Amino acid sequence: MSERAGTPSDAAPGGGDGSGSVPGVPDPTRGLRGVYAAVLVLEAIVVGLALLVLPKFGTGATPLGVAVIGGLAVAMVFASGVQRRRWGLPAALVLQVATIACGLLVPALALVGLIFAAVWAGILLMARDVRRRYARGELPAQVAAREAAARESAEGDPQL
């Protein structure tokens, strides 16, 4: 089984026992991977721009500071490309903590890290809500699929 097909977000909540999942309706949380990747790319750009202000703080642009901040930005771009993997989201969250910790080098980066932490919190809360609604069968696509199936069965025209 590939890593992609075996992830918990690919499986229908409720184990396919009819508790909310409707055949033919894909798991909507899979689309959030693109949102995770987009947030990481935007954050990488902002972190990379911190290199421009690094010389104005403390001892200036030390090789260590440039390497840490540049490495963090590159790691975020890499992590944006692996969001389909099982470990993609945890890696993104670790990078978020690292961004806040880089506030020791550039104090403004701690603020940027906290702002993006709020963005991540909002996205993760939204994903939790979507998963719950999916498990209960309350998403619009699920309702429409059930209504279409009911119409087909009422008409006596099962299209197999």
> Most exposed first by the Cβ proxy, i.e. fewest other Cβ within 10 Å, how do VAL25, VAL77 rank?
Replying inline: VAL77, VAL25
> In which sequence would ASP129, ASP27 go, from the one with the fewest C-beta neighbours within 10 Å to the one with the most?
Replying inline: ASP129, ASP27
> Hey, what's the Cα Rg ratio for the stretch 39-147 versus the globular rule of thumb, 2.2 N^0.38 Å?
Replying inline: 1.37
>> Can you pull out the GluC sites (Glu not before Pro) in the stretch 66-160 whose DSSP state is coil and whose Cβ has at most 14 other Cβ atoms within 10 Å?
In response: GLU138
> Order of THR62, THR99, THR29 from fewest to most other C-beta atoms within 10 Å?
Replying inline: THR62, THR29, THR99
> In whole Hz, what ³J(HN,Hα) sequence does the stretch 77-92 give by Karplus (6.51, -1.76, 1.60; θ = phi - 60°), x for Gly and Pro?
Replying inline: 5, 4, 4, 5, x, 10, 5, 6, 7, 4, 9, x, 5, x, 5, 5
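Read-outs: derived from the displayed coordinates by stated rules, not from any lab. On a predicted model such as this, the values are computed, not experimentally measured, just so you know. We place every Cβ from the backbone using ideal geometry, glycine too, and count neighbours over all the protein chains shown.
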